[in-house]
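Notes for the one structure printed next.
FYI, it's all coordinate maths here, none of it is from the lab. In this text the structure is predicted, and so the values were computed from the model without any measurement. Note that each Cβ is placed from the backbone with ideal geometry, even for glycine, and that neighbours are counted across all protein chains shown.
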2 protein chains.
Amino acid sequence: MADVAERAGVSTSTVSRTLRGLSTVSPEVRARVEKAARELNFAVSRQAASLVTGRTGTVAVMVPTLNSWFMGSALSSLAPLLRAAGMQLNVYEIPDLAERTAFFEHLPARRNADALLVFSFDLTDEETARLDDLGMPVIYVSQHVDGRPSVYVDDVAGALHGTRHLLNLGHRRIAFVQTVGASGFSFSSNERLLGYQQALTEAGVPLDDDLVVSTLVGSKRAAAESLGTLLSLREPPTAIFAEQDEVAVALIWNLRKTQIPVPERVSVLGFDDQPLADWFDLSTVAQSPSDMGRQAGELALKLIEDSAADHKGHIVLPTHVIPRETTAPVAHPVVRERDAEDHG
Amino acid sequence: MADVAERAGVSTSTVSRTLRGLSTVSPEVRARVEKAARELNFAVSRQAASLVTGRTGTVAVMVPTLNSWFMGSALSSLAPLLRAAGMQLNVYEIPDLAERTAFFEHLPARRNADALLVFSFDLTDEETARLDDLGMPVIYVSQHVDGRPSVYVDDVAGALHGTRHLLNLGHRRIAFVQTVGASGFSFSSNERLLGYQQALTEAGVPLDDDLVVSTLVGSKRAAAESLGTLLSLREPPTAIFAEQDEVAVALIWNLRKTQIPVPERVSVLGFDDQPLADWFDLSTVAQSPSDMGRQAGELALKLIEDSAADHKGHIVLPTHVIPRETTAPVAHPVVRERDAEDHG
DNA sequence: CACGCGCGTGAAAGCGCTGTCATGAATACC
DNA sequence: GGTATTCATGACAGCGCTTTCACGCGCGTG
């Protein structure tokens, strides 16, 4: 910076003021300084600046993985927003328990960021408490923590609407396929299950535990097993609601393999609306991680700007049912009508 | 740090030495300092440290998007590697030309990182030159730049082997579908085309410009148009080699829609081997972005460690043909045999 | 017993910025 | 026309750390 100052024939104070866009610099001087800075290829060291301002100009995000549609979309909308605000984006990928423990032990983000966005972790109370005295705003994304700023999708409503869609098509035997996935990654399982159950109850359809199965995400084989369980029930489902598109697609893949037509014989509904869903013409419940990323980013910037704001409200995002080609009216209306009479 | 020093009854120098693990600290003092640091929940400020050491403990990556299988995989393998080395990961997402210009104008990474990984950009000479005097190791990933450390996949060989696979199945009319995508994002188009041409030439099959078409990535409609072009040729292809899995899948989607059986009537071969390929049972040429990320990360750490190393060699990664269900022997061997006689 | 040497430690000088305060010039006011 | 006021600018302290250098102690050596 001294070099720039010398070249422009001013003091470092003036250079600093110019480069930070303060208004108390005369236009000619500003021009001179900017020219010098450009010529010398100068960029302010955030490190040095942060030392005195106490602000790092960095937002840290803690994510379970970078390799997923969900995180990709969320970060992809978050990043430009931060850049526009002159902030850097620091990523902590915490894929397993060991890393997680290490993270909470050392809190490497401490003093190295102005805010932390925690994505999709089911944190323990201890962990949350640890983040509380991190000395910076912490925003919980894709999860809700009482009394802390959170941004998340309304999974209950999403599953409720999805299930209603199937009910409206005449289905009564509706299975729900839960996901067991990477540890520590919260898939909001319970909330989605809850919405499913709520819709059934509301429609007067009794809950049947046999219709709720779990499967491993990303495994065709595991999907085949779950499918087998459902298809070998005394009264198999006419529709399957999978908690995640990937699982829905795995089910469809197996159904096709077995020559069971979708949706003629079995309707399949997903949840997420990731690109894969479109490729498979999968009916699904859409959520928007990019909206989530954006909202979370905006909230972070707001809290950094004005830490007194102390926003503790939750931002809840909507879902939308997207009917495509894998859901259709139930195949045997006659049987259904008798059911209806039973309940009437 | 002063607090820790006071509590432990030593000078800040000693605290600094202890916390950095220097050996010139007596065991008793070390224990005292560590205890004090733990009690005060103290963590060294990287900012302040970097001010004097000149090292930021940060690696910057410049990526065109975060929302893609390729980037997700690459970063997902890069991140833990950096964390293990005590480095932070700083992400610059440059999705469009405006951001790109801004990035090269201000070079925000300057002095805020110890190394820069540039992913998948087709940089101009000017831009490369600009990065040259960034004052830190710059590693080019998924692209090669002469005289600069680069890590990339051997696209020519990949396309060569992919095309050979189709040739070996008896195909002679093999189309190649190029990708026109997000601007600034390099898909190595030319290299893959080159490999394709090389294989044909090597097999004595004349190049036919009609068999090379371009399409927009991620658009079913665009794929339909390209497909239409190929299917309305006087002598349509019996196999299609798409430069990217996503395009291959879009082609298959359209072929199925039109009741043209894959691979019985037309073989389709992709390139990338992203998860989508597996879902569609797509035969493809596999590359490993996670290997790429790892190699690039290791190279970055090496260059940071020992800037004298001045590694300018290129790391070239292999590809593998993965035959699945969308490539099969050509349908009309009779015609082919006559062809073969023609060339004999 | 004197001397030199290594070892553990502390004092102090910055690293590159920002922010306060002082300064002087230009403008405004009575 | 003299004083008050604004305004642009510069000098300088200090943010929290690392790193040199100097110091003093205890040891081995001649």
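Assorted remarks:
- Projecting the Cα atoms of A:40, A:4, A:25 onto the charge dipole of segment A:2-44 (Cβ charges, centred on the Cα centre) puts A:25 farthest toward the positive pole.
- Two-decimal Rg/Rh across segment B:1-95, once Rg and the Kirkwood Rh are taken from alpha-carbon atoms: 1.16
- Averaged over A:277-284, number of beta-carbon atoms from partner chains that fall within 10 Å: 2
- Ranked B:152, B:92, A:196, criterion: other C-beta atoms within 10 Å, fewest first: B:92, B:152, A:196
- Look at the dipole of the protein assembly as shown built from charges on Cβ: of B:134, A:222, B:301, the Cα furthest out on the positive end belongs to B:134.
- Cβ crowding within 10 Å averaged over residues, with A:11-19, B:256-264 ranked highest first: A:11-19, B:256-264
- Helix A:333-343 vs. chain A, principal-axis angle (Cα, 0 to 90°, nearest 10): 90 degrees
- The mean sequence distance of close C-alpha pairs (under 8 Å, at least 6 residues apart), as a share of the length of chain B, puts its relative contact order at 18 percent.
- Only DSSP H runs of four or more residues enter the estimate; each adds -39500 (n - 2.57), and after division by the residues of chain B the mean residue ellipticity at 222 nm equals -14000 deg cm²/dmol.
- Residues of type lysines that residue A:220 reaches as a straight line, Cα spacing below 20 Å, ignoring anything fewer than 8 places off in the same chain: A:257
- Cβ crowding within 10 Å averaged over residues, with B:40-48, B:113-121 ranked highest first: B:113-121, B:40-48
- Segment B:195-213 and segment A:90-168: distance between their alpha carbon centers, rounded to Å: 52 Å
- Along its principal axes, segment B:220-305 has C-alpha extents of 59, 23, 21 angstrom, given from the largest down.
- Between helix B:289-305 and chain B: long-axis angle, C-alpha atoms, 0 to 90°, nearest 10: 30 degrees
- Other protein chain Cβ atoms within 10 Å, averaged over every residue that makes up A:66-74: 6
- Peptide B:42-51, shielding by other chains (average Cβ, 10 Å cutoff): 6
- Over segment A:87-217: Kirkwood hydrodynamic radius from C-alpha pairwise inverse distances, Å: 17.0 Å
- If the convex hull is drawn through the Cα atoms of chain A, its volume per residue in Å³: 166 Å³
- Global dimensions of the protein assembly as shown from alpha-carbon coordinates: Rg and Dmax equal 28.8, 93 Å.
- Across all directions, the average flat footprint of the convex hull enclosing the Cα atoms of segment A:2-44 is 2.5 nm².
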